[in-house]
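Colleague: Encoded as structure tokens, here's the structure I'll be asking about.
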Amino acid sequence: MGQPLEESDHISQMVRAAELYYELGLTQEEVAAHMAVSRPTVSRLLRQAREQDIVRITVVNPRSRAKALEKALVERWGLHDAVVVPTTVRRGELLLQRLGEAGARYLERSLPPGVHLGIGLGRTVYQLVHSLDRISPAPKVVPLCGGTMFAESAYHVNEIARIAAQRLNGYCYYLHAPAEVSSRQVYEALVADSAVAEVISLWDRLDWALIGIGSAQHVESPEWQAYLQRTAQTGAQPVADLCYNLVDAEGGSVPPPPDVHLLAADIEQLRRAKCVVAVAGGQHKIDAIHAALRTGVIDVLLTDEPTAVHLIQSEET
């Protein structure tokens, strides 16, 4: 036998109220108007629909999986901390935005007051500093390398450092010199300049450093591509760069081309910093992030969820 008519009608009312409320997104008042009943009646129908398993509500915490990945990254790579952005986005401006926002929140809650904060290059670092709220840890912000001829002005390391100091209520040092110098004579003249020498001396006194991770395998700039090709002619196989420091797949340092003198904090200076925060993500950066992690320089990694999964699974197999 079928259900009694009165019971069948009541079930139909519960289903109708649930569809309007949960699937169409109407308010309880709007559902009541559609069904020509009172709002308390709609509230009762929705409660009964849940009790009778007509409606099943599942709360998914997007951070739960990210938290597990963060723990796995810390354990696998010996990091102090990790931040995994729960997203399936692998590339493009949206990924940069999400990584930058997550990095900004991390810096805001973690950066101690009054530290020497080194700032590196990169679009993700740029996005991070522009995502910072105006807070007052008052760091002394130090560019970690000189500028480049081919970088857009907005991505110049001095501009990134300036924005970071402005948002963090700090003081900014400027390095008015190129990162690459082809003449030994010019290089020696630059490092002898008092303003340049002051910034370089601070690389030995870094408390924190914020850096991006560049990929030597996916390069947009023709000038940087030419630089890497000259490096490869020495027999080296660079995979990543950390503030102009090239590293191979095993995390070993790759010297610059013989005719290039670098104005950049080196791997050992970064390693001596109390905390190096690296922010990078996307499928095209996976090999570079692997190489960077193998240097032992990175203390905190901020990356996206798919990249984190790959970093962990590839090391488990």
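Colleague: In this structure, is Arg162 among the basic types (Lys, Arg) and not in a loop (DSSP other than H, G, I, E, B)?
Modeller: On the way: among the basic types (Lys, Arg): yes; not in a loop (DSSP other than H, G, I, E, B): yes.
Yes, satisfied.
Colleague: Do any residues in segment 8-36 that are within 13 Å of Arg50 (Cα to Cα) have Cβ atoms under 7 Å from those of residues that are small (Gly, Ala, Ser), where the two are at least six apart or on different chains, and which pairs are they?
Modeller: Met14/Ala49; Ala17/Ala49; Ala18/Ala49
Colleague: Test Pro178 against the stated conditions and say whether it is touching a strand residue (DSSP E or B) at 6+ places or on another chain (Cβ under 7 Å), under 23 Å from Val254 (Cβ atoms), of a type outside the set (A, V, I, L, M) and crowded, with 21+ Cβ neighbours inside 10 Å.
Modeller: Answer is no for this residue.
Colleague: Just need a number here: residues in segment 256-303 that are assigned to a loop (DSSP other than H, G, I, E, B) and either within 22 Å of His218 (Cβ to Cβ) or under 14 Å from the mean Cα position of the chain (by Cα) (or both). Even if it seems obvious, please write down each step before you answer.
Modeller: Going residue by residue through segment 256-303, those that are assigned to a loop (DSSP other than H, G, I, E, B) are 256-260, 263, 265-266, 273-274, 280-282, 295-299.
Now drop any that are not either within 22 Å of His218 (Cβ to Cβ) or under 14 Å from the mean Cα position of the chain (by Cα) (or both), which leaves 256-257, 260, 280-282, 295, 297-299.
Qualifying residue count, segment 256-303: 10.
Colleague: Out of segment 130-149, which residues are closer than 13 Å to Ala161 by Cβ and in contact with a Gly (Cβ under 8 Å, 6 or more places away or on another chain)? Walk me through how you get there before you give the answer.
Modeller: To start, the set of residues in segment 130-149 that are closer than 13 Å to Ala161 by Cβ comprises 130, 132, 139-147.
Within segment 130-149, His130, Pro139, Lys140, Val141, Val142, Pro143, Leu144, Cys145 meet the criteria.
Colleague: OK, next. Please enumerate the residues belonging to segment 243-264 that are touching a residue at least 60 places away in the same chain (Cβ under 8 Å) and among the aliphatic types (A, V, I, L, M).
Modeller: Answer for segment 243-264, where residues must be touching a residue at least 60 places away in the same chain (Cβ under 8 Å) and among the aliphatic types (A, V, I, L, M): Val260, Leu262, Leu263, Ala264.
Yes/no matrix, rows are residues, columns are (1) at pLDDT below 95; (2) hydrophobic (A, V, I, L, M, F, W, C); (3) under 16 Å from Leu246 (Cβ atoms):
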residue	(1), (2), (3)
Val181	yes, yes, no
Ala197	no, yes, no
His218	yes, no, yes
Ser221	yes, no, yes
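Colleague: Another question about this same structure. For Val279, indicate whether it is surrounded by 15 or more Cβ atoms within 10 Å (Cβ to Cβ) and in contact with an Asp or Glu (Cβ under 6 Å, 6 or more places away or on another chain).
Modeller: no
Colleague: Looking at this structure, is Leu96 among the hydrophobic types (A, V, I, L, M, F, W, C), within 17 Å of the chain's Cα centre (by Cα) and outside any helix (DSSP H, G or I)?
Modeller: no
Colleague: For segment 247-299, enumerate the residues that are of a type in the set (S, T, N, Q) and at pLDDT below 95. Walk me through how you get there before you give the answer.
Modeller: To start, the set of residues in segment 247-299 that are of a type in the set (S, T, N, Q) comprises 253, 269, 283, 295.
Answer for segment 247-299, where residues must be of a type in the set (S, T, N, Q) and at pLDDT below 95: Ser253, Gln283.
Colleague: Could I ask something else about it? Which of the residues spanning segment 186-229 are under 21 Å from Asp287 (Cβ atoms), assigned to a helix (DSSP H, G or I) and in contact (Cβ under 8 Å) with a residue 12 or more places away in the chain?
Modeller: If the condition is that a residue be under 21 Å from Asp287 (Cβ atoms), assigned to a helix (DSSP H, G or I) and in contact (Cβ under 8 Å) with a residue 12 or more places away in the chain, then Trp224, Tyr227, Leu228 are the ones that fit.
Colleague: Give the residues of segment 239-251 that are under 18 Å from Ile211 (Cα atoms) and either among the basic types (Lys, Arg) or part of a loop (DSSP other than H, G, I, E, B) (or both), sorted by residue number.
Modeller: If the condition is that a residue be under 18 Å from Ile211 (Cα atoms) and either among the basic types (Lys, Arg) or part of a loop (DSSP other than H, G, I, E, B) (or both), then Val239, Cys243, Tyr244, Asp248, Gly251 are the ones that fit.
The values are calculated or read from the model by the stated rules, or taken from the named source; none is laboratory data. Predicted model only: the values in this text are computed from it and were never measured. Note that we place each Cβ from the backbone using ideal geometry, even for glycine, and neighbour counts take in every protein chain shown.
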